[in-house]
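For reference, the structure is listed below as structure tokens.
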Amino acid sequence: MPTLVIKSIPEALHARLKQAAIEHRRSLTQEAIVLLEKAVASEKAESSAGLPSEVPYFARRKLLPGFKAMEEAGAFTPKPGDRDITDLISDDRDGR
């Protein structure tokens, strides 16, 4: 049977997991397995329900109103004649 080692778990999360294991009368390992199974099943159910799980988080996130207004106004799109960012970075490095 495969083994999974998780290092550097925050103490607060470990305490919550341990408390949940006690409440459900499971070992810490059994509780972690049950929670992982639920998370994977829920993710699979979302994708089979037609929800856009394959769309990256940053494409689905809610934007702050000010940022959204700037984006809609075209503040982040390149203007004709703008130099490519890679050229700007190269020039900056060459200048050092």
Quiz prompt | Among residues of segment 46-56, those that are under 15 Å from the mean Cα position of the chain (by Cα) and at pLDDT below 75, counted | solution = 4
Quiz item: What is the number of the single condition among (1) among the charged types (D, E, K, R); (2) modelled with pLDDT of 80 or more; (3) not in a helix (DSSP H, G or I) that GLU71 does not meet?
Solution: (3)
Quiz item: Within segment 11-21, can you find the residues that are of a type in the set (A, V, I, L, M), surrounded by 11 or more Cβ atoms within 10 Å (Cβ to Cβ) and farther than 24 Å from MET1 by Cα?
Solution: ALA15, ALA20
Quiz prompt | From THR77, THR3, THR29, THR86, residue being surrounded by 10 or more Cβ atoms within 10 Å (Cβ to Cβ), at pLDDT 80 or above and of a type in the set (S, T, N, Q) | solution = THR29
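The values are calculated or read from the model by the stated rules, or taken from the named source; none is laboratory data. Bear in mind the structure is a predicted one, so any value in this text is a computation, not a measurement. Ideal geometry is used to build each Cβ from the backbone, glycine not excepted, and the neighbour counts take in all protein chains shown.
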